[in-house]
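Student: Have a look at this one.
The values are calculated or read from the model by the stated rules, or taken from the named source; none is laboratory data. Nothing here was measured: the structure is a model prediction, and the numbers come from that model. Counting neighbours? That spans all protein chains shown, and the Cβs are built from the backbone with ideal geometry, glycine included.
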């Protein structure tokens, strides 16, 4: 199955009782192929600006983040999202 999200997009990670995770947007860092066990649910490596580590999450636990749009009422989330975008741009430019 093809991946629904692309590298550089921002997603929200569905909270679960068994996993503690930061709230707010996560940036898609890498596309991970679907496993043989769950062929219809590809995974992603994602990173939150407030965590030092990356996570691996299946597509079924991710939704496209709406907080990266300027019309959001939550200005703090918009600022964090802008910081993510700047960081991504800096990474791309440094690889050129």
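Student: Only one of (1) modelled with pLDDT of 70 or more; (2) surrounded by 11 or more Cβ atoms within 10 Å (Cβ to Cβ) fails for residue 33. Which number is that?
Tutor: (2)
Student: From the list 24, 8, pick out the single residue that is at pLDDT 90 or above, part of a loop (DSSP other than H, G, I, E, B) and either under 11 Å from the mean Cα position of the chain (by Cα) or closer than 22 Å to residue 91 by Cβ (or both).
Tutor: 8
Student: Can I ask one more? Can you tell me which residues in the range 1-30 are free of Cβ contacts under 8 Å to residues at least 60 places away in the same chain, surrounded by 15 or more Cβ atoms within 10 Å (Cβ to Cβ) and in contact with a strand residue (DSSP E or B) (Cβ under 6 Å, 6 or more places away or on another chain)?
Tutor: Residues satisfying the conditions are 3, 5, 9, 11, 12, 13, 21, 25, 26, 28, 29.
Student: Which ones in the range 1-27 are out of contact with any helix residue (DSSP H, G or I) (no Cβ under 8 Å at 6 or more places or on another chain) and farther than 15 Å from residue 59 by Cα?
Tutor: Matches in the range 1-27: 17, 18, 19, 20, 21, 22, 23.
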